[in-house]
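Colleague: Just dropping this structure here.
Readers should treat all values here as calculations from the given coordinates under stated rules, not as data from a laboratory. What you are looking at is a predicted structure, and each value in this text was computed from that prediction instead of being measured. FYI the Cβ positions are ideal-geometry reconstructions off the backbone, even for glycines, and counts take in every protein chain you see.
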C-alpha cells in the first residue's frame, strides 16, 4: 500500500507498531511507531505529516486486530482490543485528519480497509466481522457529514488475499485446506494479491473517483456476489419446469 502510494508521487507517513526498516532511505516515506488504539497516536500521525510535508490529502486506515474466538471462548479483553483498534482507532484517525483538513480549507480523501466478513462472517470471527461492519457504517455516516467540506470517505472490502510472499506476518494463520476452500468460493478462481487492494485504494483516493463517496468497493474476485459454492447443485431441469 505505502509503496504504491509513494510510486504515484505521494509522500506518506506510516503509523505502525514497529519500524520494519523497509522504507529506510526513502525520502517519501516517514515511519512513525505507535498504536492506533492509543488516543495520542492520531494526533502524532497528523502532526508528523504536517511537520514533514506541510499538508494532508489522503488517509488510509489499514491497521487491524484479529484474534479469533467463539462466544464461549473469547475474553472481553480480546473483544475490546479488536474494537479499540478497528473501530475506535479508525474513528480517531479520521477525526484528526478531518479536523486538520477542514481547518485548512482543503479537500481530502479517506479510504478505510474493511473485509468481506462484515457481510459474510464465519464462526469464531464475531469480533472482527462486527468491527468491520461498524467501520463500514461509520464511514457512510462520515461521508455524509464531510461531503460539504470536500472530503470523500470510502471503503475497500477485500475478500481472500494471499499475502504469502508479500508479508512475513502470520504466515501459518490459515491451513492449506482452509486456503483451498476459500479459493473454491471465488468465481474468478484465484486468491487476490495485496497489489489488488493497493490499486483499489489508489483509485478511490484519486481524482478519477472525484464523485464517489460513501461507497464500499469489493475486491474479492466475485466471492461476495452470492452462493457460488452451490453451482454444482444446479437442477438439470429447466426453469420452465419448476416455475
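Colleague: Computed over the Cα atoms of the range 78-128, what is the ratio Rg over Rh, Rh following Kirkwood? It would help to have the intermediate numbers written out before the result.
Modeller: Values: Rg = 14.4 Å, Rh = 12.8 Å.
Across the range 78-128, the Cα-based Rg/Rh ratio is 1.12.
Colleague: Rounded, prolate or oblate: which fits the chain when a ≥ b ≥ c are the square roots of the eigenvalues of the alpha-carbon gyration tensor, with rounded for a/c under 1.5 and prolate only if a/b beats b/c? Spell out each step's value before the answer.
Modeller: On the way: a/c = 1.79, a/b = 1.56, b/c = 1.14.
It comes out prolate by the Cα gyration axes.
Colleague: Assuming R0 = 25 Å, can you tell me the calculated FRET efficiency for the pair residue 163 and residue 119, based on Cβ-Cβ distance, to the nearest 0.05?
Modeller: Details: r = 22 Å, r/R0 = 0.86.
About 0.70, to the nearest 0.05.
Colleague: Sequence gap at least 6, Cα distance under 8 Å: using those rules, report the relative contact order of the chain to the nearest whole percent. Working shown, then result.
Modeller: Details: 353 pairs, mean separation 42.4, N = 243.
For the chain, the relative contact order is 17 percent.
Colleague: Using per-residue counts of other Cβ atoms within 10 Å, averaged over each peptide, order 31-42, 130-141, 176-187 from highest down. It would help to have the intermediate numbers written out before the result.
Modeller: Details: 31-42: 16.9, 130-141: 19.5, 176-187: 13.2.
Going from most to least packed, we get 130-141, 31-42, 176-187.
Colleague: Now for a different question. Pulled fully out, how much extra length does the chain show between residue 52 and residue 149, if you take 0.36 nm times their separation in residues and subtract their Cα-Cα distance?
Modeller: Numbers: separation 97, 0.36 × 97 = 34.92 nm, distance 2.40 nm.
Using 0.36 nm per residue and subtracting the Cα-Cα distance, I get 32.5 nm.
Colleague: Could you rank the peptides 75-83, 201-209 by their average count of other C-beta atoms within 10 Å per residue, with the highest value first?
Modeller: 201-209, 75-83
Colleague: Please report how far the C-alpha centroid of the range 187-210 lies from that of the range 114-153, rounded to the nearest whole angstrom.
Modeller: Answer, in whole Å: 17.
Colleague: Moving on. So, R0 is 30 Å and r is the distance between the beta-carbons of residue 199 and residue 70; what FRET efficiency does that work out to, to 0.05? Before the final figure, lay out the partial values.
Modeller: Details: r = 35 Å, r/R0 = 1.17.
Computed FRET efficiency for residue 199 and residue 70 comes out at 0.30.
Colleague: Next question, about the same structure. Put a dot 7 Å past each Cα toward the Cβ at residue 16 and residue 44; how far apart are the dots in nm?
Modeller: Simple spin-label model gives 1.6 nm for this pair.
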